[in-house]
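The values are calculated or read from the model by the stated rules, or taken from the named source; none is laboratory data. Owing to the predicted nature of the structure, the values given are computational and were not obtained by experimental measurement. Neighbour counts run over all protein chains shown; Cβ positions are idealised from the backbone, glycine included. All accessible areas refer to the heavy atoms of the entire protein, side chains included, with ligands and DNA or RNA removed. Shrake-Rupley method; radii C 1.70, N 1.55, O 1.52, S 1.80 Å.
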Amino acid sequence: MILGICGSGRKEGNTGALVEEVLKGTASETELVWLIDLNIGYCTGCMRCTFEGGCWQKDGMTDLYKKLIDCEGMVIGSPCYYGDVSGLVKSMMDRSIALGYMGIGKESAQPMHGRKPLADKPVAIVSAVAGHGVERALETMESFVTFGEMKLVGKLGAAAGMEDIREHKNFMDEARELGVKMKGALGKP
Ligand SMILES: Cc1cc2nc3c(=O)[nH]c(=O)nc-3n(C[C@H](O)[C@H](O)[C@H](O)COP(=O)(O)O)c2cc1C
């Protein structure tokens, strides 16, 4: 299963449309998760996860940890807010620090970083923006991919002003193409 993670609160918005299009391009079994529905608390930085084997907060992230570990690949989408990712995406990434201490996956070269249960999973990242600032939003998501030792399949920053991205064929084509690349990265015909 390829997991789509959308960090926009607007279900009719552009980020969701891009994530859905990438998922469609994979022609695979997919699941789309809207972070806005999950009630994800902030990472408190307590680092209890490092010795308790997981996060003490039991919320929407508890189930998402399982999905992240079980999926074959991921499509992560964030709207660009103030030249970076949305708070929803940032919280998801911050809370994912606990994944390193669940006793699964390969050991990190840096013992402090625990394990890397998402290592080698292909990931596509997309960000919808009105005008400017999408580069850093993509960079932030890319740093999450790099830290997790996942494989970046490709990225797409799509500027559509206040318009509906579905009317921008070029971006929709690029999104679908990303999905095709994701399928290729999974070794699927
Ligand atoms: C809090 C907030 C901050 C934003 N910051 C930027 C920005 O830095 N640059 C920009 O071009 N658009 C910015 N926008 C516009 C959004 O990036 C744009 O509307 C995008 O399509 C939102 O994604 P969505 O359609 O999935 O909701 C911002 C919008 C909001 C609500």
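Over 29 Å between C-alpha atoms is what I'm after, so list which of Lys11/Lys169; Lys67/Lys106; Lys58/Lys155 land there. Mind showing how you got there, number by number?
On the way: Lys11/Lys169 20 Å; Lys67/Lys106 18 Å; Lys58/Lys155 31 Å.
Over 29 Å Cα-Cα: Lys58/Lys155.
Carbon and sulfur together cover what percent of the accessible area of region 1-155 at a 1.4 Å probe radius?
Numbers: 3710 of 7010 Å².
Carbon plus sulfur share of accessible area: 53 percent.
Pull up all non-local amide H partners of Ile5: gap of 5 or more, or a different chain, and H-to-H distance under 5 Å with H placed in the peptide plane.
Residues meeting the amide H criterion: Val33, Val75, Ile76, Gly77.
Determine the shape class of region 87-189: with a ≥ b ≥ c the square roots of the Cα gyration tensor eigenvalues, call it rounded for a/c under 1.5, and otherwise prolate if a/b is greater than b/c, oblate otherwise. Don't skip to the end; give the middle numbers.
Details: a/c = 3.18, a/b = 1.65, b/c = 1.93.
Here region 87-189 falls in the oblate category.
Among Cys55, Gly9, Ile165, pick out the residue whose Cα is farthest towards the positive end of the charge dipole of the chain, where Lys and Arg carry +1 and Asp and Glu carry -1 on C-beta, about the Cα centre.
Comparing the listed Cα positions along the dipole, Cys55 ranks first.
Which value, in debye to the nearest 20, gives the size of the charge dipole of region 89-180 about its Cα centre, when Lys and Arg are +1 and Asp and Glu are -1 at the Cβ?
Taking the Cα centre of region 89-180 as origin, the dipole is about 400 debye.
Pull up all non-local amide H partners of Leu156: gap of 5 or more, or a different chain, and H-to-H distance under 5 Å with H placed in the peptide plane.
Ile125, Val126, Ser127
Taking a ≥ b ≥ c as the square roots of the Cα gyration tensor eigenvalues, with a/c under 1.5 meaning rounded and otherwise prolate when a/b beats b/c, else oblate, which class fits region 30-92? The partial results should precede the final answer.
Working: a/c = 1.98, a/b = 1.25, b/c = 1.59.
Oblate shape, in that a/c is at least 1.5 and b/c is the bigger or equal ratio.
May I ask you to give the average projected area over all directions of the convex hull of the Cα atoms of the chain, in nm² rounded to one decimal? Before the final figure, lay out each step's value.
Working: hull surface 40.0 nm².
Result: a mean projected hull area of 10.0 nm².
With a probe of 1.4 Å, find how much accessible area the chain has per residue, and write the answer as a whole number in Å². Walk me through the numbers before you get to the answer.
Details: 9030 Å² over 189 residues.
For the chain, the per-residue accessible area is 48 Å².
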